[in-house]
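Asks: Following this message is one structure expressed as structure tokens.
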Amino acid sequence: MSNLEETLKTERVVYSEETIKARVAELGKQITEDYAGKELVVIGVIKGSLYFLSDLTRAIDLPVKVDMIGFSNIPDTTSKTGIVRITKDIDIDITDKHVLVVEDVIRTGLTTAYIIQNLEMKKPADITLCSMLLNPDRLLMTIPVKYFGFEINDQWLAGYGLDHDEIGRNLPYIAQIPKRK
Amino acid sequence: MAIITISRQNGSLGDEIADALASKLGTVVISRKYALENFFGEINPGTLDRLNESAKFFETTLPGSKRTYADILVEKIRTLVSASKDRDLIILGMGGSVLLDSFPGALHIRVTASETTRLNTIARKYRITTDEAAEVLNIADRKHKKFVRTVYGKDITSPEQFDLILNTDRLSVDECVDAICELARKHDIRVKLSESNIDKGTFDHQTRATKFKNETEEEFARILNMYNIEWLYEPKTFPVEWDAEGNVTMAISPDFFLPKFNLYLELTTMDQRYVTKKNKKMRLVQELYPGTNIRIVYKKDFNELVDRLKLFGGLNDNTREDN
């Protein structure tokens, strides 16, 4: 067991490097076909999509523009939970462009809904979503998930961008980790 | 889409508010000037002067027609509003609140200010003394009131015809515009929901104040606020079972409606036997009201969501439940 695996207390491999690589290639091919002849901007969500965005965009054989968006919870005097705000906005003008938002994982879809709401204000032609992992049983929001790598359940995962307390993103595969309280 | 009528006292900055609002919404202001230039075809300068000067003249018929200028004014504005579909429209003056009082989507705004503010605004605008401004105001107020009374037989100053009255003594033009925009946006959501109630036979509760039934609902509302996701609490009831006489025997009022996502969410913290009944109701809603997006947030889902938020929340950039 590697240092990283020991730190994360990985329980089992959920998706291996090879499986991920093959699925990303399929997704890239599909996106290449769907957006042929269109102006596509691919936007990765910081930080979880880092590795997936990197591999996926290289599997898309189109002149895509790539950008990233980040958000954070900031304290708010009027609420206990604080409010979510964009901390790194996109730099590319997406007005009238086709936008593909790339996520590492979508569970309830609340964060994705927040990002879509913000991007919609920039008047793109359309927005679709590509997530490496999707939990359809937990999905609450009606969001346009057009592409996804794998379906997951409620298990706690790390690797390939997914972290626990900032650790585990650089694990080259997706592993199950114990549920943390 | 917003249909906004603005009635204003002279010198209250109502015209400036209408212009700024039109600019923000990307639309034009339908004013008396616009009406005179566009509604009556070609009119000679003499007629134009009389329409500008005299409310009574609106009661005269157009040359070669049995219809009065007032008839055409009313018809043209109503046609514009009906044809506006998804466009925003601002009607400035001309008794718009009276004219469109039965139009369900219209918002009626009145802009007022104290006499001192109005006198100062008029004096500054026309570079005249406050005594002269007082005379201008006196004439203008009288004419304005007379126009609405003559054309529609109503009193434009009665407050009950307005949804919002703004006093520019202490509010800036920008503040007024922001308030109107926010109200128009929410009102539009409410009107669309009400219209769907009429179409689908569901019941409207949107005028009730939000009173959560339990802490879970309150917590969930806080989570939605955190993500800046707009919600309405229990906006409507869906009847799902009726007896032989048509009386409703079973209904469900989903806890939250998220207008942006056209989605109803029903939270449940109950034990399994009640959840089964809720599941049945959900299934019936989907069968009886096709196209309605409705989902249950189970106790387990909610606890999981809160756990993940607690774990990943805080001040770092990992504040997401999606991991």
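Asks: If you take the residues of region A:50-104 that are at pLDDT 95 or above and small (Gly, Ala, Ser), which of them is nearest to A:Tyr35 (Cα to Cα)?
Replies: Per the stated criteria, the residue is A:Ala59.
Asks: Being hydroxyl-bearing (Ser, Thr, Tyr), in the same structural domain as B:Glu241 (by TED's automatic domain parsing) and either crowded, with 19+ Cβ neighbours inside 10 Å or at pLDDT 85 or above (or both) is the filter here, so list the residues in region B:269-323 that pass it.
Replies: Taking region B:269-323 and keeping what is hydroxyl-bearing (Ser, Thr, Tyr), we get B:269, B:274, B:276, B:289, B:292, B:298, B:319.
Filter once more, keeping what is in the same structural domain as B:Glu241 (by TED's automatic domain parsing): B:269, B:274, B:276, B:289, B:292, B:298.
Result: B:Tyr289, B:Thr292, B:Tyr298.
Asks: Right, another one. Considering region A:119-145 alone, what residues qualify as being within 13 Å of the chain's Cα centre (by Cα) and in a strand (DSSP E or B)?
Replies: First, the residues of region A:119-145 that are within 13 Å of the chain's Cα centre (by Cα): A:128-135, A:145.
Matches in region A:119-145: A:Thr128, A:Leu129, A:Cys130, A:Ser131, A:Met132, A:Leu133, A:Leu134, A:Val145.
Asks: A follow-up question, please. May I ask you to verify whether B:Ile4 is under 23 Å from B:Asp141 (Cα atoms) and hydrophobic (A, V, I, L, M, F, W, C)?
Replies: Details: under 23 Å from B:Asp141 (Cα atoms): yes; hydrophobic (A, V, I, L, M, F, W, C): yes.
For B:Ile4, the condition - under 23 Å from B:Asp141 (Cα atoms) and hydrophobic (A, V, I, L, M, F, W, C) - is met.
Asks: If only one of A:Leu133, A:Leu110, A:Leu129, A:Leu139 is under 25 Å from B:Arg295 (Cα atoms), within 13 Å of chain B (Cβ to nearest Cβ) and surrounded by fewer than 18 Cβ atoms within 10 Å (Cβ to Cβ), which one is it?
Replies: When all the criteria are applied, what remains is A:Leu139.
Asks: Same structure, new question: Which of the residues belonging to region B:24-47 are without any contact (Cβ under 8 Å) to a residue 40 or more places away in the chain and surrounded by 12 or more Cβ atoms within 10 Å (Cβ to Cβ)?
Replies: Quick first cut of region B:24-47, residues without any contact (Cβ under 8 Å) to a residue 40 or more places away in the chain only: B:33-34, B:36-47.
Those that are without any contact (Cβ under 8 Å) to a residue 40 or more places away in the chain and surrounded by 12 or more Cβ atoms within 10 Å (Cβ to Cβ): B:Lys33, B:Tyr34, B:Leu36, B:Phe39, B:Phe40, B:Ile43, B:Thr47.
Asks: Here's a follow-up. Listed residues A:Ile90, A:Ile86; which is assigned to a loop (DSSP other than H, G, I, E, B), touching a helix residue (DSSP H, G or I) at 6+ places or on another chain (Cβ under 8 Å) and more than 8 Å from chain B (Cβ to nearest Cβ)? Walk me through it before giving the result.
Replies: Numbers: A:Ile86 fails: assigned to a loop (DSSP other than H, G, I, E, B).
Going through A:Ile90, A:Ile86 in turn, just one is assigned to a loop (DSSP other than H, G, I, E, B), touching a helix residue (DSSP H, G or I) at 6+ places or on another chain (Cβ under 8 Å) and more than 8 Å from chain B (Cβ to nearest Cβ): A:Ile90.
Asks: Residue check, B:Ser65 against (1) assigned to a loop (DSSP other than H, G, I, E, B); (2) closer than 30 Å to B:Ser196 by Cβ; (3) hydroxyl-bearing (Ser, Thr, Tyr), all met but one. Which one?
Replies: (2)
Asks: Counting only residues that are touching a Pro at 6+ places or on another chain (Cβ under 9 Å), farther than 18 Å from B:Leu288 by Cβ and hydrophobic (A, V, I, L, M, F, W, C), how many does region B:186-245 have?
Replies: Final tally of qualifying residues: 4.
Asks: From A:Leu4, A:Leu62, A:Leu8, which residue is more than 19 Å from the chain's Cα centre (by Cα) and within 14 Å of chain B (Cβ to nearest Cβ)?
Replies: Values: A:Leu4 fails: within 14 Å of chain B (Cβ to nearest Cβ); A:Leu62 fails: within 14 Å of chain B (Cβ to nearest Cβ).
On inspection, the qualifying residue turns out to be A:Leu8.
Asks: Could you grab me the full set of residues in region B:213-231 that are within 11 Å of chain A (Cβ to nearest Cβ), assigned to a helix (DSSP H, G or I) and β-branched (Val, Ile, Thr)? Step through it out loud before you land on a result.
Replies: Taking region B:213-231 as the starting set, the residues that turn out to be within 11 Å of chain A (Cβ to nearest Cβ) are B:218-230.
Keeping just the survivors that are assigned to a helix (DSSP H, G or I) gives B:218-226.
Of everything in region B:213-231, just one residue is within 11 Å of chain A (Cβ to nearest Cβ), assigned to a helix (DSSP H, G or I) and β-branched (Val, Ile, Thr), namely B:Ile223.
Conditions tested, residue by residue: (1) farther than 14 Å from B:Asn10 by Cβ; (2) in the same structural domain as B:Gly96 (by TED's automatic domain parsing); (3) of a type in the set (Asp, Glu).
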site: B:Tyr126; (1), (2), (3): no, yes, no
site: B:Glu135; (1), (2), (3): no, yes, yes
site: B:Asp141; (1), (2), (3): no, yes, yes
site: B:Lys145; (1), (2), (3): no, yes, no
site: B:Gly153; (1), (2), (3): yes, yes, no
site: B:Gln161; (1), (2), (3): yes, yes, no
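Asks: Taking the options B:Thr207, B:Thr168, B:Thr157, name whichever one is in contact with a helix residue (DSSP H, G or I) (Cβ under 9 Å, 6 or more places away or on another chain) and assigned by TED's automatic domain parsing to the domain that holds B:Lys300. Step through it out loud before you land on a result.
Replies: On the way: B:Thr168 fails: assigned by TED's automatic domain parsing to the domain that holds B:Lys300; B:Thr157 fails: assigned by TED's automatic domain parsing to the domain that holds B:Lys300.
Being in contact with a helix residue (DSSP H, G or I) (Cβ under 9 Å, 6 or more places away or on another chain) and assigned by TED's automatic domain parsing to the domain that holds B:Lys300 holds for just one of B:Thr207, B:Thr168, B:Thr157, which is B:Thr207.
Asks: Something else about it: Quick check on region B:186-195. Is at least one of its residues outside any helix (DSSP H, G or I), in the same structural domain as B:Leu73 (by TED's automatic domain parsing) and under 18 Å from the mean Cα position of the chain (by Cα)? Talk me through it step by step, then tell me what you get.
Replies: Within region B:186-195, the first condition is being outside any helix (DSSP H, G or I), and the residues that meet it are none.
No, region B:186-195 has no match at all.
The values are calculated or read from the model by the stated rules, or taken from the named source; none is laboratory data. None of the values given here were measured: they were computed from a predicted structure. So basically every Cβ, Gly included, is an ideal-geometry build from the backbone, and we count neighbours across all protein chains shown.
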